[in-house]
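Here the structure is laid out as structure tokens; the discussion comes afterwards.
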Amino acid sequence: MAHAVRLYCALGESDAAGGLDALVAAAREQGADLRPGARESGGSWVSAILDRAGEPAGAGGCHIEIHAQSPLTAVMIAEVADAEPSGRIRSANAVVTLTLTGSDVDWSVVRATWKAAKSLWNAVPYDGGWGFDIDLDEL
């Protein structure tokens, strides 16, 4: 069974691919050497499987997808904006979705990704079950 967490972010002028590169660099600066594998991208999105360096591809059970600065991104943000109490989501122009799969999710990958996103973009987390009342420790 898969579980998805969204991080609503303000990437500034960066596109989705640049956002993924920045996220991986920030995680590395914070001590986590993440490797994006099976990377794919389109006009306003990028996706990859995230693992720690040296681990087999897909072993961490963490898939990342970033949508930025597109009509789809605006719709994704608008769908939940009224439910976010602080109003910070209204400045978002990107959505980072972490899809966690398998029974052995590598939580160090998830934590490193989450912390890097929050340090770069002051990300607003959202979970389908918890809504905006979620933090990393609750997963």
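The figures follow:
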quantity	calculated
Qualifying positions in segment 3-40 - farther than 25 Å from Gly128 by Cβ and in contact with a helix residue (DSSP H, G or I) (Cβ under 7 Å, 6 or more places away or on another chain)	Ser14, Ala22, Ala26, Gln30, Ala32
Listing of strands (runs of 3 or more DSSP E) fully contained in segment 29-139 that carry 2 or more residues being without any contact (Cβ under 8 Å) to a residue 40 or more places away in the chain and in contact with a His (Cβ under 9 Å, 6 or more places away or on another chain)	45-52
Residue match in segment 11-31 (condition: of a type in the set (Gly, Ala, Ser) and at pLDDT below 90)	yes
Residues being touching a Pro at 6+ places or on another chain (Cβ under 9 Å) and either farther than 21 Å from Leu11 by Cα or of a type outside the set (A, V, I, L, M) (or both) - total across segment 48-71	1
Some residue of segment 46-53 being at pLDDT 95 or above, over 22 Å from Ile134 (Cα atoms) and basic (Lys, Arg)	no
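The values are calculated or read from the model by the stated rules, or taken from the named source; none is laboratory data. Because the structure is predicted, anything quoted here is derived from the model rather than measured. Every residue, glycine as well, gets a Cβ built from its backbone with ideal geometry; the counts of neighbours run over all protein chains shown.
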